[in-house]
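The next block holds one structure in the form of structure tokens; read it before the comments.
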Amino acid sequence: MAENRSRTLTEKIIAEHLVSGEMRPGAELALRIDQTLTQDATGTMAYLELEAMGIDRVRTELSVSYVDHNMLQQDFRNADDHRYLQSIAARYGIYFSRPGNGICHQVHLERFARPGKTLLGSDSHTPTAGGIGSLAIGAGGLDVAAAMAGRAYSLVMPRVLGVRLTGALPAWVSGKDVIIELQRRLTVKGGVGRVLEYFGPGVASLTVPQRATITNMGAELGATSSIFPSDDVTLAFLTAQGRSDAWRPLAADEGATYDGVIEIDLSRLEPLVSCPSSPDNVKPVRELVGTPLSQVCIGSCTNSSYHDLMTVAAVLRGRSVHPGLSLTISPGSRQVLTLLSKNGALADLVAAGARVLECACGPCIGMGQAPASGSNTLRSFNRNFEGRSGTPDAGIYLASPEVCAASAIAGCIADPRELGEPPVVAEPASYLVEDNMIIAPPAPGTAVEIVRGPNIKPLPQVPPLAESIRGEALLKVGDNITTDHIMPAGAQVLPFRSNIPAISEFVFQRLDPTFASRARAACRGFIIGGSNYGQGSSREHAAIGPRYLGVEAVVAKSYARIHVANLVNFGILPLLFVDPADYDTIEQGDLLLLDDVRRAIEAGAELTLADLTKGRGIAVRHELSPRQVRILLAGGLLNYYRDGGE
Ligand code: MIC
Ligand code: SF4
């Protein structure tokens, strides 16, 4: 790249952090990571991996361990995990955000995120911090552990898609509608291989929390990240958080060229809704008015800021939640909850009949509040994948807090514009800053005992890639299979996140309850996938679980970014059909053979998959970098590092 070329903001931050590689879209490069975050559901595995790396103390500028997902404590398991995480944080020099302090992305935005820094998080919604101008990327726990150990993060140089904002949002329209509009235009795979970079005159009209709602849900486009410039609005937010020293102005160079530009005139947007069961199944709220609901849930890392909940409280003030439904509110952070309780808004919510839950992910990840069977739930969340609410046949709708509040009163989906003048909610000049729920690590060298409960099992060992892979097509699935399909979450499954043998029993349970026992009996095998295989979360359990059950390769039409990295990290070979039409020729149960596979993946990108049942060869290929080939040959990233790999 020419030195003097005008750069996008994304390119500037990447250039500042480039350790090796070329900033050419599609090329692999390695980035220095300034900050990391983990949450409890992915964190236990990440810290077991960190322990396996044998370092003494994290080597990042800042690492934070949050507890926000596994909050129901039906037995000892989740509590034991939290205790393990707290002891690991103290041992390795990591800040620990205690259970009750809030959702990782909301708290990180408030207390730690910095413009211009790189942040790697073991959660797919890590790009929330892009709302403050941080280049924030979601990854599997092992990649985050490696970053904590001081290793550079390898990724494919993304294309930078510009989103030019003009105008200002009309009454009752919010940041959520901007990102739902992008879901409509780009679909759940439209962001794969791209960073969405927002610019233009409309940016100044959006607050940091609104920007963060937009960058958060870029994950549902499959984007590598999403980012806003850092401007006076960013400075005001950081000042109100008592962190003005973290500010630096940041924007793309004048004349920077994007790999395509999408124009959004904010003033032309209207309230939108994502219908079941995909965020890109979008309709304007006016077409859905009257849709029956049994539940409304407000919260999640997408929409539980001070502004969001104050708006909801203002709508509910003096009114009652409709008797036909249940309204839950999960504040994003204790800072938000404390502010609401001091200014009386919490009383308004409670008086209206809202069920106020703790500051955590809660219903978003099926940790309680499963809706009634066959009913609809409306949520201010970011994902509405089948079964994610805990009720397989419930319809999940996604919308802004404004739409949710209006609907909670009406008892069915309602258009908030019918409520007249919208409430005016200003961002506070200063938030209530109290970090007593964040435990700083003790001085280096302090003796700390790591506390492990009986549910925390050692990491399974992965053998090096076999010479040949012979086995059944254990399962054939369609397009846009999510990690919620591959490895479900929810209250029943999440307590096993630190116990691979136990959690593996749930692999593909929602699609085929016989999968785990069939895979175990077969010992080895393949998965056949459609396009965008593995979209959604960063959970590496969706790779470790199948690998534990004997899956050695996946053959699909295309992959989601984080999942394909997790497959490589745990020694599962991700292959692509050269001709996607060949997908139709393979049937579940076919006996497949990849012969001489170690040599073949090193020698070139094309291989032949023999379908022994059908008696035909199928051309398949890989898009692996030379480093990823070496990782696979070693049997995953931990083996690769152990053997001296970089
Ligand atoms: C999700 O929203 O699906 C999760 C739960 O936050 C996941 C992480 C996990 O599975 O623990 C994610 O988004 O990465
Ligand atoms: Fe938590 Fe839901 Fe956000 Fe995932 S998407 S981090 S489960 S609030």
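The values are calculated or read from the model by the stated rules, or taken from the named source; none is laboratory data. Keep in mind the model is a prediction, meaning the values are calculated, not measured. Backbone-built Cβ (ideal geometry, glycine too); neighbour counts: all protein chains shown. These accessible areas exclude ligands, DNA and RNA; they are computed on the full protein's heavy atoms, side chains included. Shrake-Rupley method; radii C 1.70, N 1.55, O 1.52, S 1.80 Å.
The local environment of Ile103, defined by Cβ-Cβ distances under 15 Å, has a net charge of -1 under the rule Lys, Arg +1 and Asp, Glu -1.
Once backbone amide H atoms are built at 1.01 Å from N, Ala553 has Gly525, Ile527, Leu573 as its partners under 5 Å, excluding neighbours fewer than 5 places away on the same chain. Probing with 1.4 Å while keeping every protein chain in the model, the per residue accessible area of segment 1-129 equals 31 Å². Where a ≥ b ≥ c are the square roots of the eigenvalues of the C-alpha gyration tensor, would you call segment 92-135 rounded, which needs a/c under 1.5, or, failing that, prolate if a/b is larger than b/c, or oblate? In terms of gyration-tensor shape, prolate. Taking the longest Cα principal axis of the chain as reference, the axis of helix 76-92 is set at about 90 degrees. Before rounding to the nearest 500, sum -39500 (n - 2.57) across all DSSP H runs of length at least 4 in the chain and divide by the residue total; then give [θ] at 222 nm in deg cm²/dmol. That comes out to -8000 deg cm²/dmol.
To the nearest ten degrees, helix 334-343 and the longest principal axis of the Cα atoms of the chain are 10 degrees apart.
Structural size metrics of segment 297-436, computed from C-alpha coordinates, are Rg and Dmax of 14.4, 45 Å. For Ile262, the residues 5 or more places off, or on other chains, whose built amide H falls under 5 Å of its own are Gly162, Val163, Arg164. Each eigenvalue of the Cα gyration tensor of segment 1-159, multiplied by 5 and square-rooted, gives one semi-axis; in descending order these are 30, 16, 12 Å. For the chain, the square roots a ≥ b ≥ c of the C-alpha gyration tensor eigenvalues yield an a/c under 1.5, which makes the shape rounded.
Overall, the anisotropy analysis places segment 569-646 in the prolate class: the square-rooted eigenvalues a ≥ b ≥ c of its C-alpha gyration tensor yield a/c not less than 1.5, with a/b exceeding b/c.
Karplus-derived 3J(HN,Hα) values for segment 192-204, using 6.51 cos²θ - 1.76 cosθ + 1.60 with θ = phi - 60°, are 4, x, 10, 9, 8, 10, 8, 7, x, x, x, 4, 4 Hz; glycine and proline are entered as x. Short-range pairs are left out: with C-alpha atoms under 8 Å and at least six residues apart, the relative contact order of the chain is 14 percent. Output the 0 to 90 degree angle, nearest 10, between the alpha-carbon long axis of helix 306-316 and the longest principal axis computed from the alpha carbons of the chain. That works out to roughly 60 degrees.
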